[in-house]
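The values are calculated or read from the model by the stated rules, or taken from the named source; none is laboratory data. It should be emphasised that the depicted structure is a prediction, and the values quoted were computed from it without experimental measurement. All Cβ positions, glycine included, derive from the backbone under ideal geometry; neighbour counts span all protein chains shown. Note: areas computed on protein heavy atoms with side chains; ligands, DNA, RNA excluded. Shrake-Rupley method; radii C 1.70, N 1.55, O 1.52, S 1.80 Å.
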Amino acid sequence: MRSAAHPEARAMAAEAEWFMDYRNSDGSIAEMCGNGVRVFARYLQWAGLAEEGDVPVATRAGVRRAHIAKAGPDGTPGEITVSMGRAALPGGDVTVTVGERSWPARNVNMGNPHAVLFVDDLADAGNLYTAPAVAPAAAYPDGTNVEFVADRGPRHVAMRVHERGSGETRSCGTGACAVMVATARRDGLDPAVAGHPVAYTVDLPGGRLVISELPDGTVEMTGPAVIVAEGRFDTAWLTAS
């Protein structure tokens, strides 16, 4: 919807015409969704409401700026890069438990909360339909997304995620960003110190993203967004008894 039409987005209307009013599959509200922003930008383009280039999107975590790249010579839609803001790294020890096994995790906030941990095998995460136990509870008063990460090569990782309010999903953009930042710090890499961007490839069950962190702390996410289906909503349903 237009930012000016929503009470939580009105203050951002001067920066972003469109507001992403996001819901999890259980109906709960989420502050942000990285993949959602890319899909949102692609939909605006598909609907004739935005063009290739920069598309600012208002979210409950602030304005996120998407860039729609030009289509390829064969008409393949260009990838979309989203400026995801800066990661916050709250201090304190966090532990994630699945069954009888526990791992230390890194608390990362990308406008929404994440607990990132490293495993030898992504199967160690279990089925992820049930939320892993995270302690202490005070670290995440509103719950958290949990990312399990395995190394695949130099600056290349794979992940699975339990998304708060949804269970395991095939991709999580903010989660991939949190994973990139946590992995870079584990590897001793900090763009603010190095003075140049650092990028990681992140493989998810639903596809591949490239996540970069810039020297000023801004995290950028690049990946595809493809329209795969179209539906119609009958507004008469809203008034049906």
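Pull up segment 28-45, narrow it to residues that are farther than 22 Å from Ile211 by Cβ and without any contact (Cβ under 8 Å) to a residue 60 or more places away in the chain, then point me to the one that is surrounded by the most Cβ atoms within 10 Å (Cβ to Cβ). Walk me through it before giving the result.
Of all residues in segment 28-45, those farther than 22 Å from Ile211 by Cβ come to 28-29, 43-45.
Then keep just the ones that are without any contact (Cβ under 8 Å) to a residue 60 or more places away in the chain; that gives 29, 44-45.
Working: Ile29: 11, Leu44: 18, Gln45: 22.
Here the residue is Gln45.
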- Has segment 34-52 got any residue that is in a loop (DSSP other than H, G, I, E, B) and farther than 24 Å from Glu230 by Cβ? no
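Which of the residues belonging to segment 72-96 are exposed (fewer than 12 other Cβ atoms within 10 Å of the Cβ) and either hydroxyl-bearing (Ser, Thr, Tyr) or under 18 Å from the mean Cα position of the chain (by Cα) (or both)? It would help to see each step written out before you state the result.
First, the residues of segment 72-96 that are exposed (fewer than 12 other Cβ atoms within 10 Å of the Cβ): 72-76, 91-93.
Thr76, the sole residue that qualifies.
Kindly provide the set of residues from segment 71-82 that are closer than 26 Å to Thr174 by Cβ and either hydrophobic (A, V, I, L, M, F, W, C) or assigned to a loop (DSSP other than H, G, I, E, B) (or both), ordered by number. I'd like the intermediate steps shown before the answer.
Within segment 71-82, the subset closer than 26 Å to Thr174 by Cβ is 76-82.
Of everything in segment 71-82, those that are closer than 26 Å to Thr174 by Cβ and either hydrophobic (A, V, I, L, M, F, W, C) or assigned to a loop (DSSP other than H, G, I, E, B) (or both) turn out to be Thr76, Pro77, Gly78, Glu79, Ile80, Val82.
Determine, yes or no, whether Tyr22 is farther than 21 Å from His114 by Cα and either surrounded by 14 or more Cβ atoms within 10 Å (Cβ to Cβ) or not small (Gly, Ala, Ser) (or both).
Values: farther than 21 Å from His114 by Cα: no; either surrounded by 14 or more Cβ atoms within 10 Å (Cβ to Cβ) or not small (Gly, Ala, Ser) (or both): yes.
So Tyr22 fails the test.
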- For Ala11, all conditions in the list (1) in contact with a His (Cβ under 7 Å, 6 or more places away or on another chain); (2) exposed (fewer than 14 other Cβ atoms within 10 Å of the Cβ) hold save one; what is the number of the exception? (1)
- Task: Identify all residues within segment 49-85 that are of a type in the set (Val, Ile, Thr) and in contact (Cβ under 8 Å) with a residue 60 or more places away in the chain; write none if there are none.
- Result: Ile80, Thr81, Val82
- Query: So which residues in segment 137-159 are over 24 Å from Ile29 (Cβ atoms) and open to solvent by 40 Å² or more (accessible area, probe 1.4 Å), if there are any at all?
  - Reply: Asp151, Arg152, Pro154, Arg155, His156
- Item | Tyr22, sole failed condition from (1) touching a Cys at 6+ places or on another chain (Cβ under 6 Å); (2) closer than 24 Å to Asp187 by Cβ | (2)
- Taking the options Ala123, Ala69, name whichever one is open to solvent by 40 Å² or more (accessible area, probe 1.4 Å) and either at positive phi or of a type in the set (Gly, Ala, Ser) (or both). Ala123
